[in-house]
Every structure is written in structure tokens, then in C-alpha cells.
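> Below you'll find the structure I mean.
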Amino acid sequence: MNWESKDLKRELSSILNPNQVFTDPMELSCYSYDTSFYSAINPHMPQAVVSPKSLQDVVELIKWAGQKQCPIIPRGAATGQAGGTLAISGGIVLDLSSWNEIESIEPQNKMVFCRPGVTYAKLNQALEPHGLYLPPDPSSGDACTIGGMAANNSSGPRSLKHGALSNYVLGLEVVLGTGEVLVTGGVKGKVLKNVSGLNLNSLFLGSEGILGIITGIWLAVAKKPRARAAVVMIFDKAETAQKASQEIESRGVVPAAMEFVYCAPEATRAAASFYEELYVPGAEIEIICEVDGNEESVTWEYTKLQEVAKEYAQASRGSNEPHGIHELWEINDNIEGFSASIREGAKRIAASEDVCVKLEKLPKILREIQLIAKQNGIGIVNFGHWAKGHIHSGLLAKVEDPGEVDAAFRTADEIHRLVLQEGGATTAEHGVGFVRAPYMLEEHENGLDWMVKIKEALDPFHILNPGKICPLETRKESD
Ligand SMILES: Cc1cc2nc3c(=O)[nH]c(=O)nc-3n(C[C@H](O)[C@H](O)[C@H](O)COP(=O)(O)OP(=O)(O)OC[C@H]3O[C@@H](n4cnc5c(N)ncnc54)[C@H](O)[C@@H]3O)c2cc1C
């Protein structure tokens, strides 16, 4: 490869400031993994890491990489769980985390412009004094970057009512694989509604760094809801939980969040330390439902939630004040934590953690997923976004045992294949990355060919995040 010069640091230092270039093996090893189990077992060292601070830095680097056909792997906070930031075929990791300026906040227009390394938490801190916030709320929000969120089109528990990041992106500044800079969403300025031209925002949202480097993001932001309320409900069976969630919506409630935990036996003991009445031996599902809005609407929705909880749940507890709501989310987390701790010596790992199925199939598929893990001799904790049919599975494996490592990968594969067979999606928010690329042909058939054609048009030198989503070799296999 003509980019693997002996003195890569010196070569890169002619493009960027030398203190933005890292080639020390100790430093590089920190960039050899993300939060996927795959990368914990198979770390991939890049040859260099660069830390750009301006559009010009990125443009110059991409032009150089195009000439040398050197892979460039964009990286935010590396909280991704799909191997998206791994240097699968070597190359240079583009660490965007320290390019983190919020360049403008326009409260009167409810919009902001920021650079890719701004974290979700930092953006919301800056918006707080204006009574504004960015609604899609990934659970990794303290660490993850807005660039990474855009590249993965991230969402969170409250996306049920408030939508994913794509609902808030007004425009993007992107450096393509040729070094050309593209501004989407109109170059004259940004507005809150715009259907002019093809929607190029959506092309890059969820593109995971394979089509371009996102260097700037214009976002719409929202007024913070004035009131919230939440109810935790414990159900004997998943089917009862399903009826209750349908009933909540039938009675006119529009939940902001409806999260679940598939409980390990006795898991509601974790709730009993808060409120004894929440201990329901043998309960299968715990759900937390949150509503938000103004005081009047929340009071009405809270009453409806409590009615449904009383009629359908074996036990429930609600609150409409901040401390109480926080406690209910803690109860939800503790039930999940208890369910994840039942296998002594096992570690919780991310391997098949993001599938989505039709709502009507949720109870059946949850049980089948539990069974797959059991048959492979490992544990599992399932939780996620109930009202979307979106399941996060944490596999519980003894990772120092090679047999269990194999069993974990087998379990992950069987879960993905089950979900595809049932007409579901292999990922609903965490992305395809490297680990789910093998399922793309089955999931998209000729759609994958079109993804490859789009990639080739925007990244003609094949330098942007190779091996992710639609590896070019996948197309050859399908021909
Ligand atoms: C505990 C935990 C909880 C999580 N909860 C959620 C959740 O609730 N919802 C959710 O959606 N996700 C969740 N995730 C997954 C992940 O945190 C999100 O997808 C997050 O938005 C990724 O941001 P990041 O900055 O860490 O991106 P990274 O992991 O660094 O990158 C993710 C992908 O985007 C690409 N990329 C990064 N920055 C850019 C850029 N500027 N331009 C082009 N490509 C880029 C990378 O190459 C990679 O393919 C969770 C992860 C963990 C570990």
C-alpha cells in the first residue's frame, strides 16, 4: 500500500500540525476498539490517529488519503457497539472528538450549529439557560458526540414521542471522499421546514462515515416540556404488558417513553428495596412509561396511565414530581442490573444488541431469544424500547473461556438470523458497522447494490470507513 510510508508521522505532519498526529503504539492502542464485544476480542490498530481542528484540516487529509488510497476511519467518542470506528483494513483514525465548538445558538429561531465533537451532554448544558434541549436522548449521551449521533442517526428512550436525530437535522457540512465540501439543507441559510430538492440530509444520517466526514451540524432544538410523570408497571406475562401498552394508547395517552426489561426470575426484588409492593415473584416484564407536556395534559395522561396500570399490572408505582420520576427510572435500571447479574462470573457484552421486530411478535421473539441464549449455554438480559418492538440484548458470558466466546458469537448470529426470518431489522439505532455487515445482503437484497453505487459515487477512491455497512466485496458476492 503506497500510504504505509516508513515515516507516516512526518508525512501527515506536512498536512496537519504535528501535535495533531499520533503514531505512538500506546496511543494507537486506545483507538483499536469501540464498545462492541467483537473489538474486545479482535482489536484493530490503526497506523495513525489525527485530530483535526478545522474544515481545512479534514479537506487536506482526505485529498491526501484519496491520492494514497489510505483508509480514513471517522471517530467520535467510540461509544458505538457495532465496530464502526475500527480500522478493519488499517489506515488512519480521524478523531473528531476534540473539534467541539458550539458555534451558534439562536434561541429565537430554535436552532444551533456545532462541530462534530460536541457531546450530547455539552450541547444540552449550553441550551439549558434558554429553556431549550435536543430531544433524542441516547443513553450514552454523557459521552457520545453529535457527529457520531448524526452518523448513526441516534435515538433514545424519549424518541418514541420526540423522534430520532434525523427529525432535528436542518443541514450538514460534509467532506466527501474526493475532498469536496458539500453543505446539505440549502446553502443560503437554514430554516425549520424545507423540502427543496432531494433530501441529502437523510443520505448522510445513519451513513456511519462511509459516504463523508460530517464536519458541521445545524440542528433544530425544542422547548423543554414543563411537566413530566411516570409509572413503573410489573406484569406477569409479556402478553399482558402488550395489552396494557395498547390500552394506554387507546385511551389517548401519547407516551414520551415506554421502556421494558424482560425480568430474570426474582428480578423485581431489585425494586422491593425501593417499594416492597413492586416485588412480584415470577414477573416476566417490567415497563416504565413516561409522559411529558404541560401541567394540565400531563395530569390527565398520568391519571390514564394509573388507571391502566391498576387494571392490567400486578404491581405499579407512579410519580409526577422530579425526584420520584428519577427514582422510578432507577428502579427500571436496577431490575435490568439484577437481570444482568444472575450468572456469576459472567460479563455483559454487546454483540446482538439492537434488533427490532413487529409489535405483535414481541412476546414470542423475546422468549425465542431467551431460548437461543440458553441453548448456547450463556445468559442474556433483554430490555429496550417496548412500544417500538426494539430489543437490546446483553449477552452474559464468561469471556475468559474461549468456548463461551464462541457461544456468544453463535448466539448473536442466531438472534440476527431469527429476526431477519421474522421480517425484523438487525439494527434500530446502534448501526451496522462491521459486525452487522454480513447480514446486509439478506436484509436488503438489491438495495445493497444501490448502497454500494451511492458509496462509489461519493467515495470513488474507497477510502471512507472501508468494511462497514456495505463492504465493496459484498456486491461482488451478490453479482
Ligand atoms: C451504554 C451505551 C448506551 C447506548 N445507548 C444508545 C441509545 O440509547 N441510542 C442510540 O442511538 N445509541 C446508543 N448507543 C450507541 C452509541 O452510543 C450511539 O450510536 C452514539 O450516538 C455514537 O456516538 P459516538 O460519538 O460515540 O460515535 P462513534 O462510536 O465514535 O462512531 C459511530 C459511527 O459513526 C461514525 N462517525 C463518528 N463521527 C463521525 C463524523 N463526524 N462523520 C462521519 N462519521 C462519523 C464512525 O465511523 C462510526 O461508524 C449506546 C452505546 C452505549 C455504549
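> For the range 227-340, what % of the accessible area comes from carbon and sulfur atoms, probe 1.4 Å?
49
> Could you order peptides 124-134, 150-160, 324-334 by the average number of other Cβ atoms within 10 Å of their residues, highest first?
Values: 124-134: 15.5, 150-160: 24.1, 324-334: 17.9.
Averaged packing, sorted descending, gives the order 150-160, 324-334, 124-134.
> For a distance above 18 Å, tell me the whole-number percent of Cα pairs in the range 119-224 that qualify. Display every interim value, and only then the final one.
Details: 2625 of 5565 pairs.
Tail of the P(r) past 18 Å holds 47 percent of the pairs.
> If packing is taken as the average count of other Cβ atoms within 10 Å, what order do 29-39, 311-321 fall into, highest mean first?
Details: 29-39: 20.6, 311-321: 18.5.
Peptide ranking by packing, descending: 29-39, 311-321.
> Here's a follow-up. Taking only Cα atoms, what is the 0 to 90° angle, nearest 10, from helix 446-458's long axis to the longest principal axis of the chain?
Helix 446-458 and the main axis of the chain meet at about 40 degrees.
> Which value, in Å², gives the accessible area per residue of the range 437-478 when a 1.4 Å probe is used on the protein heavy atoms?
Value returned for the range 437-478: 50 Å² of accessible area per residue.
> Next question. Report, to the nearest 10°, how far helix 402-421 tilts away from the longest principal axis of the Cα atoms in the chain, using its own Cα long axis and a range of 0 to 90°.
Once rounded, the angle reads 80 degrees.
> Provide, as a two-decimal number, the C-alpha radius of gyration of the range 8-95 over 2.2 N^0.38 Å, N being how many residues it has.
Here the answer is 1.04, to two decimals.
> A follow-up question, please. Going down the list LYS193/LYS223; LYS122/LYS468; LYS122/LYS224; LYS223/LYS388, which pairs span over 20 Å between their C-alpha atoms?
Working: LYS193/LYS223 17 Å; LYS122/LYS468 28 Å; LYS122/LYS224 16 Å; LYS223/LYS388 24 Å.
Flagged as over cut-off: LYS122/LYS468; LYS223/LYS388.
> What list of ³J(HN,Hα) couplings, whole Hz, do you get for the range 378-385 from phi and the Karplus terms 6.51, -1.76, 1.60, once you set θ to phi - 60° and write x for glycine and proline?
10, x, 7, 10, 10, 7, x, 9
> Counting only DSSP beta bridges with both residues in the chain, what percent are antiparallel, rounded to the nearest 5?
Percentage antiparallel, nearest 5: 85.
> What list of whole percents do you get for P(r) of the chain, with Cα-Cα distances grouped in 10 Å bins up to the one holding the largest distance?
Computed distribution, short to long bins: 4, 19, 28, 26, 17, 5, 1, 0.
> Taking 1 over the mean of 1/r across every pair of different Cα atoms in the range 227-340, what Kirkwood radius in Å do you get?
By the Kirkwood definition, the hydrodynamic radius is 13.6 Å.
> For the range 147-162, just list the computed ³J(HN,Hα) in residue order, Karplus coefficients 6.51, -1.76 and 1.60, θ = phi - 60°, integers in Hz, with x standing in for Gly and Pro.
Karplus values, whole Hz, x for Gly and Pro: x, x, 5, 5, 5, 9, 6, 6, 9, x, x, 8, 5, 3, 9, 9.
> Same structure again: Projected onto the charge dipole of the chain (+1 at Lys/Arg Cβ, -1 at Asp/Glu Cβ, origin at the Cα centre), which of LEU441, ALA346, TYR38 gives the Cα projection farthest towards the positive end?
With unit charges placed on the Cβ atoms, the residue in question is LEU441.
> Just add up the charged neighbours of GLY80: K/R +1, D/E -1, any other residue whose Cβ is under 12 Å from the Cβ of GLY80.
Neighbourhood net charge equals -2.
> Magnitude of the Cβ-charge dipole of the chain, K/R +1 and D/E -1, about the Cα centre, nearest 20 debye?
I would put it at about 920 debye.
> Here is a follow-up. Over the range 8-95, with every protein chain in place, what whole percent of the accessible area is carbon and sulfur at 1.4 Å, could you tell me?
Working: 1800 of 3420 Å².
Roughly 53 percent of what the probe reaches on the range 8-95 is carbon or sulfur.
> When all C-alpha to C-alpha distances in the range 349-479 are sorted into bins of 5 Å, what percent of pairs does each bin hold, rounded to whole numbers?
2, 10, 20, 19, 17, 13, 11, 6, 2, 0
> Here is a further query. By average Cβ neighbour count within 10 Å, what is the ranking of 276-285, 444-453 from highest down?
Descending mean neighbour count gives 276-285, 444-453.
> With a cut-off of 8 Å between alpha carbons and a minimum separation of six or more residues, what is the relative contact order of the range 8-95 in percent?
Relative contact order here is 35 percent.
> I would also like to ask the following. How much area per residue is accessible in the range 347-421 when the probe is 1.4 Å and only protein heavy atoms are counted (Å²)?
39
> Here's something else I'd like to know. Compute the FRET efficiency between GLU249 and LYS6 as 1/(1 + (r/R0)^6), taking r as their Cβ-Cβ distance and R0 = 41 Å, and round to the nearest 0.05. Could the numbers behind the result be given before it?
Values: r = 63 Å, r/R0 = 1.55.
FRET efficiency, GLU249 to LYS6: 0.05.
> ³J(HN,Hα) across the range 249-254 via Karplus (A = 6.51, B = -1.76, C = 1.60, θ = phi - 60°), whole Hz, x for Gly/Pro?
Whole-Hz 3J(HN,Hα) from phi for the range 249-254: 6, 4, 7, x, 7, 10.
> Same structure again: Would you mind calculating the relative contact order of the range 437-478 from Cα pairs under 8 angstrom and at least 6 residues apart, reporting the percent as a whole number?
58
> Related question: Could you pull the Rg and Dmax for the range 347-421, using just the Cα atoms, both in Å?
Both quantities, over Cα of the range 347-421: 11.7, 38 Å.
> Given contacts defined as C-alpha pairs under 8 Å and at least six residues apart, what's the relative contact order of the chain, whole-number percent?
Numbers: 1045 pairs, mean separation 72.5, N = 479.
With pairs under 8 Å counted, the relative contact order is 15 percent.
> Take the Cα pairs of the range 239-278, get the Kirkwood Rh, then feed it into Stokes-Einstein at 20 °C and 1.002 mPa s and tell me D in µm²/s.
177
> Here's another thing I want to ask about it. Would you give the gap between the C-alpha center of the range 248-265 and the C-alpha center of the range 10-55, rounded to a whole Å?
42
> Further question on the same structure: Relative to the first principal axis of the alpha-carbon coordinates of the chain, what is the inclination of helix 322-340, with its axis defined by its Cα atoms, in degrees from 0 to 90 and to the nearest 10?
80
The values are calculated or read from the model by the stated rules, or taken from the named source; none is laboratory data. Bear in mind the structure is a predicted one, so any value in this text is a computation, not a measurement. Because the Cβ atoms are built from the backbone with ideal geometry, glycine has one as well, and the counts that use them run over all protein chains shown. Protein only, heavy atoms only, side chains kept; ligands, DNA and RNA dropped before computing areas. Shrake-Rupley method; radii C 1.70, N 1.55, O 1.52, S 1.80 Å.
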